[in-house]
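Below: the structure, in structure tokens.
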Amino acid sequence: MTKLLHFLNPEMAHSFGIKALKNGIHPCYPSVDDARLHVKLWQGTKKERLFKNPIGLAAGFDKNAEVPRAMFKLGFGFVEVGTITPKPQVGNPKPRIFRLSEDKAVINRLGFNGGGSAVAHENITEFLRYKKQDQMLGINIGKNKDTKKAADDYVKGISMFGALADYITVNISSPNTKGLRDLQQKKDLGALLQAVQKELKKQKVSPPLLVKIAPDLNETEITDIVDVVMSESVDGLIVTNTTISRPDSLQSNHAAEMGGLSGQPLFDLSTKILNRVHVLTEGKIPLVGVGGVSNAQQAIAKFRAGASLVQLYTSMIYEGPGIAHRINKDLLAFCEAEGVKSLSELVSA
Ligand SMILES: Cc1cc2nc3c(=O)[nH]c(=O)nc-3n(C[C@H](O)[C@H](O)[C@H](O)COP(=O)(O)O)c2cc1C
């Protein structure tokens, strides 16, 4: 099925996939349920969350929150929907997703296409009627292209979704919305996070608040981000989004397309940034490692670099819908072979 979808252009294949998932046309995998895969975060606080397994679906696959239920049936331990913008938005002109098959990579310049927060809210509310307690739902929020004061859109996102999410992700790292990544600058980030925290207080809700960052940051920028997120009481970081860099190793004809690169060629860069952030945060806040994960070894490398949880998207395009299930089975086999009692043992000291 995965191979057949590759006969369609990537965006059509994606729409087709979402339709199939929505209609229950997908495999279901028995849940790999074992305490060694459980990850408990924010322990002993009112934000405590138990993740049944550490493999999550990264943002961007289910932008309108249409299929979280199906994604849990595929074996993901958590699902992050979005990025959701307040108003509906068509995104950039097509074509805007490119498969770099030789590189097991994708370049996208979608530009936050989506139905907007009202549509996503309706879908999430419907999902919550059936949601099991151990199905962790992350909601990733962003801004519309034409919004001048970015913070206003994130505040809207919080007021709409703060009460519905197991965690909220503030996405300031997609490369396809002009000026978005500038929100990672120290002053802008501080002001943005203060506005977001103020709205959470106003709504009297306290979901864990995560910030998702880019891989294209220098040492000063990383240090600045870490300083701000620690001083603004952010609960975690998602490291990383897609890269605007193009490694020399790329083979595909599409390598020069504009947009964010994801998949295998992002693995090393995103893992390096992850480790740097882990060192700078001194392990005080949990990190979600994302970028190029396609198997258990790569997931383990992310844990060793400092991630408590891992997410993936691009490898599902190449390896199919059983990927989360497979990685979890292999992680369990690894725990068995190495006598690991909990994956948290691997998170580098
Ligand atoms: C087609 C596509 C769309 C994406 N859209 C979003 C998005 O809306 N918001 C976001 O935070 N990340 C988005 N991402 C980035 C992923 O969440 C992830 O950070 C990145 O792809 C690296 O992981 P991967 O190598 O496993 O794909 C998108 C990625 C792809 C491939």
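Projected label points at Lys132 and Val90, each 7 Å from Cα along the beta carbon direction, are separated by 4.2 nanometres.
Give the aspartates and glutamates reachable from Lys73 as a straight Cα distance under 19 Å; neighbours fewer than 8 places away on the same chain don't count. Here the aspartates and glutamates satisfying the reach criterion relative to Lys73 are Asp33, Asp34, Asp62, Glu126, Asp134, Asp166, Glu319, Asp330.
Of the trypsin sites (Lys or Arg not before Pro) in the range 163-251, the ones in a loop by DSSP (not H, G, I, E or B) with at most 14 other beta carbons within 10 Å are Lys178, Lys204. Protein heavy-atom accessible surface, 1.4 Å probe, per residue over the range 140-210: 45 Å².
Across the protein chains, with a 1.4 Å probe defining accessible surface, the residues Asp268, Asp224, Asp330 rank Asp268, Asp330, Asp224 from largest area downward.
For the chain, the share of accessible area belonging to carbon and sulfur comes to 53 percent (1.4 Å probe, ligands and nucleic acids excluded). Which net charge results when you count Lys and Arg as +1 and Asp and Glu as -1 among the other residues whose beta-carbon is under 14 Å from that of Leu237? The answer is -3.
When nucleic acids and ligands are ignored and a 1.4 Å probe is applied, Leu183 ends up with an accessible area of around 20 Å². Does anything in the range 316-346 have its amide N under 15 Å from the 7 Å Cα→Cβ label point of Ser101, and if so which residues? Hits in the range 316-346 for Ser101 at 15 Å: 317-320. Of the residues Glu11, Glu199, Glu282, the one that moves most in a GNM of the chain with alpha-carbon contacts below 10 Å is Glu282.
The range 276-349 and the range 238-257 have Cα centres lying 22 Å from one another. Computed on the Cα atoms alone, the convex hull of the chain gives a volume of 127 cubic angstrom per residue.
With all protein chains kept in place, the per residue accessible area of the range 233-308 amounts to 39 square angstrom at a probe of 1.4 angstrom. Using a simple spin-label model with pseudo-atoms 7 Å out from Cα toward Cβ, Thr223 and Lys272 lie 1.8 nm apart.
Straight-line reach from Lys149: which lysines have a Cα under 28 Å away, not including same-chain ones fewer than 8 places off? Output for Lys149: Lys63, Lys87, Lys94, Lys178, Lys186, Lys187, Lys198, Lys201, Lys202, Lys204, Lys212.
From the alpha carbon centroid of the range 175-202 to that of the range 54-86 is 23 Å. Under 20 Å from a label point set 7 Å out along the Cα-to-Cβ vector of Lys40, the amide N atoms of the range 333-347 belong to 340-347. Taking Lys and Arg as +1 and Asp and Glu as -1, the other residues whose beta-carbon sits under 12 Å from that of Val67 total +2.
The values are calculated or read from the model by the stated rules, or taken from the named source; none is laboratory data. Keep in mind the model is a prediction, meaning the values are calculated, not measured. In this analysis, Cβ positions are derived from the backbone assuming ideal geometry, glycine residues included, and neighbour counts consider all displayed protein chains. Side chains are part of the model used for accessible areas, which takes the heavy atoms of the whole protein and leaves out ligands, DNA and RNA. Shrake-Rupley method; radii C 1.70, N 1.55, O 1.52, S 1.80 Å.
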